[in-house]
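J.: Let me begin by handing over the structure; questions about it come next.
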Amino acid sequence: MGHESLEALYKIRKNLEVMKKIYDYPNIDIKIFEVIKEMSQKRLLKGKSLERGFSAIGLVIADEKTDFKNSMDEWYGYLIIKSKHYRELTWMMNKMLRLFKDYFKGMEAREYLYDHIGGCMQKSLKKNKINIVFKDVLDEADRLVKDSIDFNRKNIN
């Protein structure tokens, strides 16, 4: 298991570096997120619309006007991020899920990812523009990969 996990993590690290280059990390242009928002509103993005936000066991990303009364989304243990940038945050989380799909498998592993990436989003949103939130998310993804590689290296032998 250890060698397979390390291989998956090295692949994630490589793909993360490619993603950083694509988005000109650390100087990520805020215009990217204006385009994402506009394309989502016009439903021009492939796949699921970002208009619905993100909802999974452990994390909900929703419009700041969303009312969760009488909703299962208020369950204890959920990280709920309500923001005017819910589309952009949903886009980011989808990017992270695709990036980590070969390593964080299963419900508990995804919840771990949601805790770290979602927590990073929530904290960064309090003081930063959306492009800096994405930079912080990429930094957190970097940290998760590094920590996971270190953990797996220690446990191979």
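The values are calculated or read from the model by the stated rules, or taken from the named source; none is laboratory data. For clarity, every value in this text was computed on a predicted model and none was experimentally measured. Every residue, glycine as well, gets a Cβ built from its backbone with ideal geometry; the counts of neighbours run over all protein chains shown.
J.: Please go through (1) free of Cβ contacts under 8 Å to residues at least 40 places away in the same chain; (2) within 25 Å of Tyr103 (Cα to Cα); (3) surrounded by 14 or more Cβ atoms within 10 Å (Cβ to Cβ) for Gly58 and return the number of the only condition it doesn't satisfy.
T.: Condition not satisfied by Gly58: (1).
J.: Among what's in the range 37-51 and is part of a helix (DSSP H, G or I) and of a type in the set (D, E, K, R), pick the residue that is modelled with the lowest pLDDT.
T.: Result: Glu51.
J.: When you go through Lys123, Lys127 one by one, which is the residue that is out of contact with any helix residue (DSSP H, G or I) (no Cβ under 9 Å at 6 or more places or on another chain) and either under 24 Å from Pro26 (Cβ atoms) or surrounded by 15 or more Cβ atoms within 10 Å (Cβ to Cβ) (or both)?
T.: Only one candidate qualifies: Lys127.
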